[in-house]
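Okay, structure first, notes after.
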Amino acid sequence: MLAREFTGQLHARERRFLLSLTRTLLAQGGMVHEVLRHFAGSLRSFVASREYLEQRRVNQFAEGSPTRRLALKDEIRATGALEYTLELTSSRLTSLSQWSLYDPSLEAPPGAMCDAGAPPIGLESVADLVAQSEIDFRGLVADIRAALDERPQASIGDVLVRFPATQGLGSVVGYLALGSRHGVAAGRQEVVEWQGGDGLRRKARIPVIFFLRERVDELV
C-alpha cells in the first residue's frame with residue numbers, strides 16, 4: 001500500500017500508521033478474541049450453575065410486583081395498622097452481686113484421700129527396665145556379698161535395709177535382675193522402700209527372692 005502514488009501526499013504520521021496497520025489490527029483482534037472467550041466461559045458457568053433460572057424468577061416477580069401493588073392499594077393503606085407483632089431480641093440485666101461463685105468442694109467425693117498401695121513389679125517387666133537403664137550391677141553385687149557375709153541368706157528387702165538404693169528404682173530393678181538369675185524365689189511377695197530422686201519415699205511390692213551364701217560365687 002505504501003508503494004502506491006497517493007502515499008506521497010500523506011504526512012509522516014499517516015504513513016507510520018499505515019506501516020503498522022496490520023500489527024495494530026492483529027493486536028486489537030486478539031483483545032476482541034479474549035473478551036469473547038471470557039464471555040463464553042462466564043455464560044457457560046452461568047448456565048451450568050442454573051443461576052439463570054433464579055434470575056428469570058426474580059425478573060418475573062419484579063414484573064408482577066406493580067400489578068400486585070395496584071390490586072392491594074384499596075385493601076391495605078400505608079397508614080393502616082398491621083395485625084402482626086414483631087418480637088425484638090433483648091437481654092436480661094442483673095446485678096453482679098447476684099452471681100454465686102462456683103465452689104469445687106461441693107462436688108468433691110466424700111472421704112479423705114488415702115495413700116495408694118505399693119504397685120507390684122513382676123519379673124516379666126524387669127528385662128525391659130534393665131535394657132532401658134544403666135544400672136550399677138557391680139555395686140549391687142558388692143552389697144549382696146556384704147549382706148551374705150553377715151547372714152546365710154538375704155532377700156532383696158534385707159539388702160535394701162542394709163544398703164539403701166543409690167539409684168532408686170534402678171537399684172530395685174537391678175536386684176530383681178540378679179535374683180532372677182542367681183537367687184531363689186520363695187513364692188510370695190514383700191514390700192520394699194527406697195528414696196526417689198525428689199527426696200520422697202517410694203514403695204513397691206516385689207517377689208521375695210533370696211540370695212544364698214553358698215551361691216555367692218555365681219555373682220559376678
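The values are calculated or read from the model by the stated rules, or taken from the named source; none is laboratory data. Everything numeric in this text was worked out from a predicted model, so none of it was measured. Every residue, glycine among them, receives a Cβ derived from its backbone with ideal geometry; neighbour counts consider all protein chains shown. Heads up: the accessible areas ignore ligands, DNA and RNA and are worked out on the full protein's heavy atoms, side chains in. Shrake-Rupley method; radii C 1.70, N 1.55, O 1.52, S 1.80 Å.
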Out of all the residues in segment 172-183, is one or more farther than 16 Å from GLY139 by Cα, open to solvent by less than 80 Å² (accessible area, probe 1.4 Å) and either in contact (Cβ under 8 Å) with a residue 60 or more places away in the chain or outside any helix (DSSP H, G or I) (or both)?
-> yes
Counting only residues that are aliphatic (A, V, I, L, M) and either open to solvent by 80 Å² or more (accessible area, probe 1.4 Å) or at pLDDT 90 or above (or both), how many does segment 113-151 have?
-> 10
Search segment 7-39 for residues being assigned to a helix (DSSP H, G or I) and of a type in the set (S, T, N, Q), and hand back the single one that is least open to solvent (accessible area, probe 1.4 Å).
-> THR7
Got a number for residues in segment 185-213 being open to solvent by 90 Å² or more (accessible area, probe 1.4 Å) and either touching a helix residue (DSSP H, G or I) at 6+ places or on another chain (Cβ under 8 Å) or in contact (Cβ under 8 Å) with a residue 40 or more places away in the chain (or both)?
-> 3
For segment 92-112, how many residues meet the condition of being in a loop (DSSP other than H, G, I, E, B), modelled with pLDDT of 75 or more and open to solvent by less than 90 Å² (accessible area, probe 1.4 Å)?
-> 3
Being aliphatic (A, V, I, L, M) and in contact (Cβ under 8 Å) with a residue 12 or more places away in the chain narrows LEU19, LEU25 down to just LEU19
Residues of segment 172-215 being small (Gly, Ala, Ser), within 45 Å of the chain's Cα centre (by Cα) and within 17 Å of LEU148 (Cβ to Cβ), which ones?
-> GLY174, GLY179
